[in-house]
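Participant: Let me begin by handing over the structure; questions about it come next.
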Amino acid sequence: MLGALDAGARMWQPSGAWHHPRIARLYRWRLPWAVCGYALLAAALVLSLPLLVQVAAAVLYPIAYAALLVGLDGEGRMAAWFLRVIEATFSHALFASVIPRVAVLSLIGALLFLALEYGVRRISRHRRSMRGRPWWVALGAPLDAAAAYAHFAGAFWATPGQAGQRAADRADASQRFVEMLADGLGQPGSAELIVAAHDLDTRRDVVFAVLQEPWRRRFFQTAATSREGEVVDALHEGRGLLMDALASALTVPLVSEPHALTFPVDSYWRGETHVLTDRPDGLVRLLEEVSAAGAEQVVVVSASAPVMAPHGLSSRRADPRAWLGQNLASQEAAAVRDAMTVLFDRFTGLYLIQPAHNPIGPLDFGGARDDRSDRDATLAELVRLGYEDAYAQFIEPVVGGSAEGVERPPEPVGPVVETDLPLT
């Protein structure tokens with residue numbers, strides 16, 4: 001979306017969105033899951049306090065006894081201190097009243113928070129109606145995608161105040177973005193835009209497009225006959241939906257709350273509210289729409305590096321985020337392979353920019369450990385290497401090499417006349 005405005009540098013430059021310190025905190029646990037997790041952890045620690053004290057005493061008491069035997073603790077103060085700690089742990093005031101009360105209060109606090117969250121989600125007008133077990137309605141999906149939308153949507157405006165205010169009002173931000181994009185259509189540096197997301201209600205993809213004539217007329221006339229309800233003209237009836245498309249594309253399937261998008265009343269869906277999410281393997285569909293829009297050459301950029309030969313495996317990380325990231329990266333790599341294989345004859349040029357090795361997964365915003373080189377890889381390094389790969393794999397061999405076939409002017413025939421003689 002920034003590339004369509006000729007503002008892609010706001011993403012990869014040192015002061016851009018990918019280098020901001022906030023990037024490492026994206027897709028964290030949602031508040032209901034965090035509250036319940038901390039409440040259960042506090043209750044478990046309080047209830048296990050006597051057992052932990054016993055274990056610590058059993059481990060350290062032989063050390064104190066050995067110190068007593070060799071004369072380092074002649075008066076037995078250390079052993080007496082251990083006995084007092086054990087007696088205090090099992091005292092009636094602590095074991096029978098304080099520990100149970102703290103554990104019960106933490107669990108009651110979590111239940112009250114879930115009850116409040118359940119009420120808010122039931123009466124909220126900005127969400128779809130939900131039914132099911134109350135605890136599942138209150139908990140919802142575990143990961144929070146709202147912070148990712150707020151972060152990247154804020155990259156469209158220069159000052160932090162404008163970023164926070166306009167990103168919150170998605171309709172106003174979408175209209176302003178479409179106005180800037182429409183003013184630049186046809187100008188050097190600007191480009192058309194196609195964004196895709198997946199509608200969980202209709203089980204179909206939704207494509208948001210901003211195109212100029214004559215491609216726009218052909219694209220939406222075809223959509224009206226065969227793909228009605230799947231294509232949204234963001235220049236007209238979908239003018240206020242582009243930021244919703246961004247929020248939907250930043251929603252991780254299964255583990256994030258799907259984004260609720262309300263279609264305009266005069267659109268095909270007549271004001272209905274659908275829930276949308278990302279589809280990591282939707283590259284083939286996206287390239288089909290790009291072909292329908294009239295594109296003849298395509299550059300596909302992917303950060304997922306497939307294993308192309310033996311001896312390329314690494315140890316699996318025992319981290320749910322890493323498991324999810326591995327699944328997302330695998331789906332994207334397979335979708336890239338399918339797209340390059342199935343659609344190779346759809347375009348006159350289909351180019352792929354892809355790293356040979358990338359230890360950073362889709363959710364490793366804080367970096368990751370590279371087992372092959374035994375070092376830590378950072379997101380800033382990945383962005384820099386991607387910029388260099390674009391030049392090494394596309395700009396120099398394709399764009400630079402395309403000038404080799406250009407006809408050159410003939411060499412002058414006749415005596416060579418030197419007009420710049422060296423001074424001696």
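Participant: Within the bounds of segment 24-35, is there any residue that is under 16 Å from the mean Cα position of the chain (by Cα), among the basic types (K, R), in a loop (DSSP other than H, G, I, E, B) and surrounded by fewer than 17 Cβ atoms within 10 Å (Cβ to Cβ)? Spell out the reasoning first.
Facilitator: From segment 24-35, those under 16 Å from the mean Cα position of the chain (by Cα) are 24-30; that's our starting set.
If we keep only those that are among the basic types (K, R) too, we end up with 25, 28, 30.
Cutting the leftovers down to in a loop (DSSP other than H, G, I, E, B) gives us 28, 30.
Filter once more, so that each one left must be surrounded by fewer than 17 Cβ atoms within 10 Å (Cβ to Cβ): 28.
Looking for residues that are under 16 Å from the mean Cα position of the chain (by Cα), among the basic types (K, R), in a loop (DSSP other than H, G, I, E, B) and surrounded by fewer than 17 Cβ atoms within 10 Å (Cβ to Cβ), one finds at least one in segment 24-35, hence yes.
Participant: Between a first residue in segment 43-61 that is of a type in the set (S, T, N, Q) and a second residue that is in a helix (DSSP H, G or I), which pairs have beta carbons less than 9 Å apart while being 6 or more apart in sequence or on different chains?
Facilitator: Q54/I86; Q54/T89
Table: residues versus (1) exposed (fewer than 15 other Cβ atoms within 10 Å of the Cβ); (2) in contact with a strand residue (DSSP E or B) (Cβ under 8 Å, 6 or more places away or on another chain); (3) touching a residue at least 60 places away in the same chain (Cβ under 8 Å).
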{"site": "R203", "(1), (2), (3)": "yes, no, no"}
{"site": "F208", "(1), (2), (3)": "no, yes, no"}
{"site": "W215", "(1), (2), (3)": "no, no, yes"}
{"site": "H236", "(1), (2), (3)": "yes, no, no"}
{"site": "A245", "(1), (2), (3)": "no, yes, no"}
{"site": "T251", "(1), (2), (3)": "no, yes, yes"}
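Participant: For segment 113-136, does any single residue satisfy the condition of being closer than 24 Å to A245 by Cβ, at pLDDT below 85, outside any loop (DSSP other than H, G, I, E, B) and outside the structural domain of A42 (by TED's automatic domain parsing)? Lay out the reasoning, then the answer.
Facilitator: Taking segment 113-136 as the starting set, the residues that turn out to be closer than 24 Å to A245 by Cβ are 121, 124-130.
Those still in the list that are at pLDDT below 85 too: 121, 124-130.
With outside any loop (DSSP other than H, G, I, E, B) added as a condition, the list becomes 121.
Filter once more, so that each one left must be outside the structural domain of A42 (by TED's automatic domain parsing): none.
No: segment 113-136 contains no residue that is closer than 24 Å to A245 by Cβ, at pLDDT below 85, outside any loop (DSSP other than H, G, I, E, B) and outside the structural domain of A42 (by TED's automatic domain parsing).
Participant: Does any residue in segment 95-122 that is aromatic (F, W, Y) come within less than 6 Å, Cβ to Cβ, of a residue that is in a helix (DSSP H, G or I) six or more places away or on a different chain, and which pairs are these?
Facilitator: So the pair list comes out as F113/V35; Y118/P134; Y118/V137; Y118/A138.
Participant: Got a number for residues in segment 320-339 being among the aromatic types (F, W, Y) and either at positive phi or in contact (Cβ under 8 Å) with a residue 40 or more places away in the chain (or both)?
Facilitator: Residues of segment 320-339 among the aromatic types (F, W, Y): 323.
Next, from what is left, pick out any that are either at positive phi or in contact (Cβ under 8 Å) with a residue 40 or more places away in the chain (or both): none.
Final tally of qualifying residues: 0.
Participant: Continuing with this model, one more query. Here is a list: R285, R321. Which entry is under 19 Å from the mean Cα position of the chain (by Cα) and outside the structural domain of D205 (by TED's automatic domain parsing)? If you could, list the steps in order and put the result at the bottom.
Facilitator: Values: R285 fails: under 19 Å from the mean Cα position of the chain (by Cα).
Going through R285, R321 in turn, just one is under 19 Å from the mean Cα position of the chain (by Cα) and outside the structural domain of D205 (by TED's automatic domain parsing): R321.
Participant: Output the residue which, of all residues in segment 173-190 that are surrounded by fewer than 16 Cβ atoms within 10 Å (Cβ to Cβ) and among the aliphatic types (A, V, I, L, M), is farthest from M243 (Cα to Cα).
Facilitator: A182
Participant: Also, I was wondering about something else. If you take just the strands (runs of 3 or more DSSP E) that sit entirely in segment 238-345, which of them hold at least 3 residues that are closer than 30 Å to H357 by Cα and not aromatic (F, W, Y)?
Facilitator: On the way: elements: 259-262, 273-277, 297-301.
In segment 238-345, the matching strands (runs of 3 or more DSSP E) lie at 297-301.
Let's see how each residue does on (1) of a type in the set (V, I, T); (2) in contact with an Asp or Glu (Cβ under 6 Å, 6 or more places away or on another chain); (3) surrounded by fewer than 17 Cβ atoms within 10 Å (Cβ to Cβ); (4) over 18 Å from D364 (Cβ atoms):
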site	(1), (2), (3), (4)
H274	no, yes, no, yes
R285	no, yes, no, yes
S291	no, no, yes, yes
A309	no, no, yes, yes
S315	no, no, yes, no
R321	no, no, no, no
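Participant: Right, something else. Yes or no: R372 surrounded by 12 or more Cβ atoms within 10 Å (Cβ to Cβ) and basic (K, R)? If you could, list the steps in order and put the result at the bottom.
Facilitator: On the way: surrounded by 12 or more Cβ atoms within 10 Å (Cβ to Cβ): no; basic (K, R): yes.
So R372 does not fit the description; no.
Participant: Which pairs do you get when a residue that is touching a residue at least 40 places away in the same chain (Cβ under 8 Å), found in segment 23-42, comes within reach of a residue that is outside any helix (DSSP H, G or I) and of a type in the set (F, W, Y), reach meaning Cβ atoms under 6 angstrom, with the pair 6+ apart or on two chains?
Facilitator: Final answer for the pair search is I23/F365; A24/F365; L26/F365.
Participant: On to the next question. On the basis of being among the hydrophobic types (A, V, I, L, M, F, W, C), surrounded by 13 or more Cβ atoms within 10 Å (Cβ to Cβ) and closer than 17 Å to V301 by Cα, does A339 make the cut? Steps first, please.
Facilitator: Working: among the hydrophobic types (A, V, I, L, M, F, W, C): yes; surrounded by 13 or more Cβ atoms within 10 Å (Cβ to Cβ): yes; closer than 17 Å to V301 by Cα: yes.
Spelling it out, A339 is indeed among the hydrophobic types (A, V, I, L, M, F, W, C), surrounded by 13 or more Cβ atoms within 10 Å (Cβ to Cβ) and closer than 17 Å to V301 by Cα.
The values are calculated or read from the model by the stated rules, or taken from the named source; none is laboratory data. Only a predicted model underlies this, so the values are computations on that prediction, with no experimental measurement involved. Positions of Cβ are backbone-derived with ideal geometry, glycine not excepted, and every protein chain shown enters the neighbour counts.
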